[in-house]
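A.B. asks: Got a structure for you, written out below as structure tokens; questions coming shortly.
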Amino acid sequence: MSLCILAAGKVTVMAATAFTLSWTHSVQKTRWEEAWRVMPAGLEIVQARIKGSGAGMEPPEDAVLKDGWWVYAPKLPPRPELVLAASGATGEGWSLCANSQCTVIGAAAGAPVKIKPCEQSAQ
């Protein structure tokens, strides 16, 4: 499977079956990480990790504290795409890592960044 990232008017294709999306909360300055799988039905979240808690970042009741991170498995159906705001006001964007390579997306103000399986990009 391939992952398509639509940002700044271009499409970047990554050969990946899984990726990690991470960012720092703009208000609480707390790190957040999500592990995703690229599936034919869409993007499936596998695990979320929060390095603390705060406004809008409370871990769910089933979260477990491991090495300073609240870890849990969200129970959500696959999503056709992820849409990330790119305000440029947070000081940094999102880090998307797959196959031991990371790239920063959405750091500059602009149109939202879209992440989806490439097979769905033409829809």
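The values are calculated or read from the model by the stated rules, or taken from the named source; none is laboratory data. Model, not experiment: these values are computed from the prediction. So basically every Cβ, Gly included, is an ideal-geometry build from the backbone, and we count neighbours across all protein chains shown. All accessible areas refer to the heavy atoms of the entire protein, side chains included, with ligands and DNA or RNA removed. Shrake-Rupley method; radii C 1.70, N 1.55, O 1.52, S 1.80 Å.
A.B. asks: Bin all alpha-carbon pair distances of the chain at 10 Å intervals from 0 and give each bin's fraction as a whole percent.
C.D. replies: Distribution as computed: 13, 42, 36, 9, 0 percent.
A.B. asks: What is the dipole size for the chain, taken about its Cα centre, with +1 at each Lys and Arg Cβ and -1 at each Asp and Glu Cβ, in debye to the nearest 20?
C.D. replies: The dipole magnitude comes to about 200 debye.
A.B. asks: Would you please give the residues with an amide H less than 5 Å from that of residue 16, counting only those at least 5 places away or on a separate chain, with H modeled from the backbone geometry?
C.D. replies: 2, 3
A.B. asks: Here is a follow-up. 5 Å is the cut-off here: which amide hydrogens, built 1.01 Å from N in the peptide plane, fall below it relative to residue 52, excluding neighbours closer than 5 in sequence?
C.D. replies: So residue 52 has HN proximity to 70.
A.B. asks: Express in % the proportion of alpha carbon pairs of segment 30-74 at distances exceeding 15 Å.
C.D. replies: 43 percent
A.B. asks: At 1.4 Å probe size, put 51, 75, 29 in order of accessible surface, largest to smallest.
C.D. replies: Correct descending sequence by accessible area is 75, 29, 51.
A.B. asks: With a cut-off of 14 Å, note down the residues of segment 1-15 whose backbone N falls inside the zone around a label point 7 Å from the Cα of residue 79 toward its beta carbon.
C.D. replies: Output list for this probe position: 6.
A.B. asks: Which ³J(HN,Hα) values, rounded to whole Hz and listed in residue order, are derived for segment 12-17 from phi using the Karplus coefficients 6.51, -1.76 and 1.60 in 6.51 cos²θ - 1.76 cosθ + 1.60 with θ = phi - 60°, glycine and proline given as x?
C.D. replies: 10, 10, 10, 6, 7, 10
A.B. asks: Residue 53 to residue 65: extension gain in nm, 0.36 nm per residue of separation minus the Cα-Cα distance? Provide the component values of the computation, followed by the final result.
C.D. replies: Details: separation 12, 0.36 × 12 = 4.32 nm, distance 1.13 nm.
Difference between extended and current length: 3.2 nm.
A.B. asks: Kindly state, to the nearest 0.05, the FRET efficiency for residue 119 paired with residue 31, given R0 = 35 Å and r defined as their beta-carbon distance.
C.D. replies: Efficiency for this residue pair is about 0.65.
A.B. asks: Of 109, 50, 32, which is farthest along the charge dipole of the chain in the positive direction, counting Lys and Arg as +1 and Asp and Glu as -1 at C-beta?
C.D. replies: 109
A.B. asks: Treat each spin label as a single point 7 Å out from the Cα along the C-beta direction, and report the residue 46 to residue 111 distance in nm.
C.D. replies: Here the answer is 3.1 nm between the modelled labels.
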